[in-house]
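Trainee: Just dropping this structure here.
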Amino acid sequence: FSNLKAADTIKVLGPLGNGFPTDSKSTILIGGGIGIPPMLEVAKQLEGEKIIVLGFRDSDTFLAEELESYGNVYIASEDGSIGTKGNVLDAIRENDLNAKRILACGPTPMLRAIKKYAKEKGIECFLSLEEKMACGIGACLACTCKSSDIDSHSKVRNKRVCTEGPVFNALEVEL
């Protein structure tokens with residue numbers, strides 16, 4: 001890239017993988033840390049009622065204002081400096097938030113807790129997993145995650161995040 005000049009062309013392979021469902025259904029969008037930026041684009045595309053829950057470490061609430069134009073925003077901060085003290089699930093419980101579906105992106109411990117919460121409440125849930133990807137086409141298997149069913153490619157309980165994800169129904173993956 002350092003040798004490219006203005007108007008040079010490059011070949012790109014993409015888009016890869018899949019995204020969140022965007023049909024009309026009441027939805028809680030949950031973003032934590034670096035999982036917040038993808039939720040802005042999802043909020044723009046999503047039809048129906050949107051409740052947005054964002055998790056931050058402190059009062060640096062990047063993108064919160066931008067997301068407010070797409071739905072009601074609730075904030076959780078680990079240090080309690082803004083919104084609910086705690087995590088995104090604490091904010092959901094404190095504000096008695098409900099919807100037919102959850103879409104979430106963020107760190108694995110957060111996704112694990114959201115998956116458990118959604119299962120307990122009987123809420124449809126989709127998770128965007130964050131994995132390092134080497135090849136981007138499913139050949140190297142560097143981005144695999146454990147799955148509830150056997151993968152047709154590798155013949156083991158794996159899903160490739162680059163090709164079969166990064167968004168999965170929460171019931172398809174083990175975190």
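Trainee: Does A104 satisfy the condition of being in contact with a Leu (Cβ under 9 Å, 6 or more places away or on another chain), of a type outside the set (D, E) and either without any contact (Cβ under 8 Å) to a residue 12 or more places away in the chain or within 14 Å of I36 (Cα to Cα) (or both)?
Mentor: Details: in contact with a Leu (Cβ under 9 Å, 6 or more places away or on another chain): yes; of a type outside the set (D, E): yes; either without any contact (Cβ under 8 Å) to a residue 12 or more places away in the chain or within 14 Å of I36 (Cα to Cα) (or both): yes.
Taking the combined requirement at face value, the residue satisfies it.
Trainee: Quick one: is A76 modelled with pLDDT of 95 or more and in contact with a Lys or Arg (Cβ under 9 Å, 6 or more places away or on another chain)? I'd like the intermediate steps shown before the answer.
Mentor: On the way: modelled with pLDDT of 95 or more: yes; in contact with a Lys or Arg (Cβ under 9 Å, 6 or more places away or on another chain): yes.
Against the criterion (modelled with pLDDT of 95 or more and in contact with a Lys or Arg (Cβ under 9 Å, 6 or more places away or on another chain)), A76 qualifies.
Trainee: Need a quick list: strands (runs of 3 or more DSSP E) entirely within the stretch 68-154 having at least 2 residues that are open to solvent by 30 Å² or more (accessible area, probe 1.4 Å). Reasoning before the result, please.
Mentor: Numbers: elements: 72-77, 101-105, 124-128, 144-147.
Filter on the stretch 68-154 gives 72-77, 124-128, 144-147.
Trainee: Here's something else I'd like to know. In the stretch 27-53, which residues are assigned to a helix (DSSP H, G or I) and hydrophobic (A, V, I, L, M, F, W, C)? Outline the logic, then answer.
Mentor: Filtering the stretch 27-53 down to residues assigned to a helix (DSSP H, G or I) leaves 33-45.
Those that are assigned to a helix (DSSP H, G or I) and hydrophobic (A, V, I, L, M, F, W, C): I34, I36, M39, L40, V42, A43.
Trainee: Write out, first by first residue and then by second, each pair whose Cβ atoms fall under 7 Å of each other, whose residues are 6+ apart or on separate chains, and whose first residue, in the stretch 47-64, is closer than 14 Å to L103 by Cα while the second is charged (D, E, K, R) and part of a loop (DSSP other than H, G, I, E, B).
Mentor: Partner pairs satisfying both residue conditions: E47/D23; G48/K25.
Trainee: Name the residues in the stretch 154-175 that are out of contact with any strand residue (DSSP E or B) (no Cβ under 7 Å at 6 or more places or on another chain), of a type outside the set (K, R) and over 15 Å from E130 (Cα atoms), would you? Give the derivation first.
Mentor: From the stretch 154-175, those out of contact with any strand residue (DSSP E or B) (no Cβ under 7 Å at 6 or more places or on another chain) are 154-156, 162-164, 171, 175; that's our starting set.
Next, only the ones that are of a type outside the set (K, R) stay: 154, 156, 162-164, 171, 175.
Of everything in the stretch 154-175, those that are out of contact with any strand residue (DSSP E or B) (no Cβ under 7 Å at 6 or more places or on another chain), of a type outside the set (K, R) and over 15 Å from E130 (Cα atoms) turn out to be S154, V156, L171.
The values are calculated or read from the model by the stated rules, or taken from the named source; none is laboratory data. Because the structure is predicted, anything quoted here is derived from the model rather than measured. Every residue, glycine as well, gets a Cβ built from its backbone with ideal geometry; the counts of neighbours run over all protein chains shown. Surface accessibility is based on the protein's heavy atoms, side chains included, excluding ligands, DNA and RNA. Shrake-Rupley method; radii C 1.70, N 1.55, O 1.52, S 1.80 Å.
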